[in-house]
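K.L.:
Sending over a structure as structure tokens; questions will come in a sec.
Bear in mind that the values in this text are calculations on the coordinates, not laboratory data. As the structure is a prediction and not an experimental result, all values here were calculated from the model.
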Ligand code: ES4
Ligand code: ZN
């Protein structure tokens, strides 16, 4: 079997995808039109022309303004539904998906509209597409800690619809410690915890240390710089902390897919996984990420299977549901 076919057929679990990062140009233009929002471009080609990224900052400068087109519960539903259709077509069976409520709340969109739209899409996908899923709300780390706490408080009445809390956006000057109180409260409320420790950011190993030792997250999003500190790597192994890696995204943000380090961690038995991050912007869903990694690091089919086993193992699933996938 050719590698592309093998990847296509593999049952998959995606744990690191930002729903707002799945907004394809066609839907962006349709929502802009429907909501009377001027995004500055009128064709798919013009929209794609703005997708020139060589750093996290240059990506975020395109990513956040685009969210203005998302206004009603139905808009959020359609965004998540479109992602789930793509995921199902790639044989994704289970997905834990991120969203950024603070960005929407900051534009006057109620938390409830966001979470109900996304949740309804997940319910429909489980029934109609055979993809199950759950929501992880992310704190936008370049906003103040007070804003993060407000977002968590807004989420608590909808706690049944939110599985976990994450941390994303611009890492520079925004360490995990800035949100210690918010994450402590989320833990007390029964939420699962993860945080982005992006590849090659400033103070990256200190951020990984804070996430592991001070916040005690269960997973780290990206996190491959852990190889630079043997003590932290030992904590990751010992606790079975999962790393949700995104090779194509890493390629845009750092100029390097980090394929060699992801492969090394996989071969060393660390629970690394492969994910798409912002597929509409970086041009690859989970299958394209698996294929890019496999070609770059010469992965075997058995190693690709292990990547998906890792993902189902670190997913925040009840054991009886997990058993159905493993
Ligand atoms: C993100 Cl690539 C990346 N890094 C940090 N935060 C993000 N949110 C969406 N994509
Ligand atoms: Zn991410």
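K.L.:
Take the chain, compute every pairwise Cα distance, and split them into 20 Å bins from 0; I just need the percent in each bin.
P.N.:
34, 61, 5
K.L.:
Can you give the calculated 222 nm mean residue ellipticity of the chain, where each DSSP H run of n ≥ 4 adds -39,500 (n - 2.57) and the sum is split over every residue, rounded to the nearest 500 deg cm²/dmol?
P.N.:
-14500 deg cm²/dmol
K.L.:
Per residue Cα convex hull volume for segment 1-66, in cubic angstrom?
P.N.:
146
K.L.:
Another one. With an 8 Å Cα cut-off and a minimum separation of 6 or more residues, compute the relative contact order for segment 3-316 in percent.
P.N.:
Across segment 3-316, relative contact order equals 20 percent.
K.L.:
Most mobile of 160, 170, 142 per a Gaussian network model of the chain (Cα springs, under 10 Å)?
P.N.:
160
K.L.:
If you wrap a convex hull around the Cα atoms of segment 1-143, how much volume per residue is inside, in Å³?
P.N.:
127
K.L.:
Still on this model: Between 236, 270, 37, find the one with the highest GNM mean-square fluctuation for the chain; connect C-alpha pairs within less than 10 Å.
P.N.:
Between 236, 270, 37, it is 37 that shows the largest mean-square fluctuation.
K.L.:
Once the Cα gyration tensor of segment 268-326 is found, what semi-axes does its equivalent ellipsoid get, as square roots of 5 times the eigenvalues, in whole Å, sorted largest first?
P.N.:
So the three semi-axes of segment 268-326 are 22, 16, 9 Å.
K.L.:
Roughly how many Å is it from the Cα centre of segment 164-181 to that of segment 46-89, as a whole number?
P.N.:
Value for the Cα centre distance between the two parts: 22 Å.
K.L.:
Could you give the semi-axes, largest first, of the ellipsoid that matches segment 55-112, computed as the square roots of 5 times the alpha carbon gyration tensor eigenvalues and rounded to whole Å?
P.N.:
22, 17, 10
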